[in-house]
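**Student:** Let me give you the structure first, and then I'll get to my questions.
Bear in mind these aren't lab numbers, they're just calculated from the coordinates by the rules spelled out. Please read all numbers here as calculations on a predicted model, not as lab measurements. Cβ placement follows ideal geometry from the backbone for every residue including glycine, while neighbour counts extend to all protein chains displayed.
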Amino acid sequence: MITEVKLAKLSKNMEEAAIVGFSVKVGDEVKKGDILFEIETDKACVEIESPADGFVRHIFVEPGFVVGVGTAILLLADRNEDIPRRLLDSLTAAIPPQEDYGKGEVQAANQKSVAEAIRDSLSAADKQIKLGDTVPLTKLQKITAEKMLESKRQIPCFYLNAKVDVTELVDLRAELNRKGDVNISYNDFIIRAVAAGLKHFPLMTGSLCGGAINLAESINIGLATSVSDVLYVPVIKQADKKSVAEIAADRIKLVEKAQRHKLSPEELEDGCITISNLGSFGVDSFIPIVVPGQCSIIGVGRINEVPVPDDGGFVIRKQMSLTIAVDHRIANGSYASEFLDYVRKYLEDSSNFRAENI
């Protein structure tokens, strides 16, 4: 039985992908579910499984090239099955001119296969970078650069900053992690608080579309996650319906997949707001860039001990900075300020999290 394996549309916005490399060669026997090849979309690297049993009879695309959705990648059939010439000609003719994804320069620079070169560029930790080197951008990095440039050029942002007293939250996190099975991070509390805020201020989930603002159908929150030199934004889906412990479990799973570069496009889609936390890098505060298609992004700084006036003296409290960048076309300063203040108060009152019985 002849099976055409074409580049499938793995997400609603996917139009093309780069062929990273093949796990099979012509003549190999494969079973349904075996890995055939790996692609890199504008969001993630994805391994493509065989849809059927058979033998690899033809491979139409070379590693290192970008092809569109629907392009024939390879052909499966029985070992001795006759494959009509007209079928091969039609599949080959349908392949448009392929965009070189770095076959020449990357391969020459590294003296490796194209697939290895592209994988190396996904993680700076896997190769030593020294002054004078030329580091090729991956497709994901190129798309990220384009989106950030689009944001700075086209989105008129304003910025708000709030100091959050997280003294109670620090104690609560330590208590929960002593008792629970899931390691809860500060990001999990922040995601939960932002989700609660978005329910009360739904305009903050908006996306500008022509002369209207489309509000998100569900509260899905992206968490910026850096893996070496690659930035992923996995999305916690329906965060408003989950406890902090459930959010933590989702986050751990997604971050582990990001570290292996195994996130699926679905796990990177449909975020209505993004959180970027640089506190672990010693950053007190920063101004993040709004992701195109979203209304806002929140930058989180590190937790500092700060002397606060108290009854004629001073007490040491733990404070964290939240900085929000907002698309002024969607929300005004007053509305966004109320949203940020709601998130601040939610984080400062640990009873909001204790009430979840986590």
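**Student:** What is the ratio of the Cα radius of gyration of the chain to 2.2 N^0.38 Å, with N the residue count, to two decimals?
**Tutor:** Details: Rg = 24.1 Å, N = 358, 2.2 N^0.38 = 20.6 Å.
So the chain has a normalised radius of gyration of 1.17.
**Student:** If you take every DSSP beta bridge whose two residues both sit in the range 124-277, what share of them, in percent to the nearest 5, is antiparallel?
**Tutor:** Details: 8 of 11 bridges.
Here the share of antiparallel DSSP bridges comes out near 75 percent.
**Student:** Calculate the translational D of the range 151-310 in whole µm² s⁻¹ from Stokes-Einstein, where the hydrodynamic radius comes from the Kirkwood formula applied to all Cα pairs, the temperature is 37 °C and the viscosity 0.692 mPa s. Kindly include the intermediate steps, with their values, before the conclusion.
**Tutor:** Details: Rh = 16.8 Å.
Value of D from the Cα-based Kirkwood radius: 196 µm²/s.
**Student:** Given R₀ = 56 Å, FRET efficiency for S351-K31 by Cβ-Cβ distance, to 0.05?
**Tutor:** Numbers: r = 54 Å, r/R0 = 0.97.
After rounding to 0.05, the efficiency reads 0.55.
**Student:** Which residues does a label at S90 reach in the range 55-82, if reach means a backbone N under 17 Å from a point 7 Å past the Cα toward the Cβ?
**Tutor:** Only 70-77, 82 fall inside the zone, counting backbone N under 17 Å.
**Student:** Moving to a separate point now. What pairs from K257/K318; K262/K345; K31/K257; K32/K242; K152/K318 go past 29 Å between their alpha carbons? Write out the running numbers ahead of the final one.
**Tutor:** On the way: K257/K318 32 Å; K262/K345 36 Å; K31/K257 25 Å; K32/K242 36 Å; K152/K318 33 Å.
Too far apart for the 29 Å limit: K257/K318; K262/K345; K32/K242; K152/K318.
**Student:** In addition: Could you give the length gained by full extension between Y159 and I213, i.e. 0.36 nm per residue of separation minus their alpha carbon distance, to one decimal place? The partial results should precede the final answer.
**Tutor:** Numbers: separation 54, 0.36 × 54 = 19.44 nm, distance 2.02 nm.
Stretched fully, the Y159-I213 segment lengthens by 17.4 nm.
**Student:** When you take every Cα atom in the range 152-240, what is the radius of gyration, and what is Dmax, the widest Cα pair distance, in Å?
**Tutor:** Here Rg and the maximum Cα pair distance are 16.3, 51 Å.
**Student:** Any lysines with Cα under 24 Å of the K130 Cα? List them, leaving off those in the same chain fewer than 8 positions away.
**Tutor:** Cross-link targets: K103, K112, K139, K142.
**Student:** In nm, what is the difference between 0.36 nm times the number of residues separating N304 and K12 and their Cα-Cα distance? Don't jump to the answer; show the numbers that get you there.
**Tutor:** Details: separation 292, 0.36 × 292 = 105.12 nm, distance 4.18 nm.
The N304-K12 span can extend by a further 100.9 nm.
**Student:** For a quick size check, give me the Cα extents of the range 260-358 along its three principal axes, largest first, whole Å.
**Tutor:** Rounded to whole Å, the extents work out to 54, 37, 32 Å.
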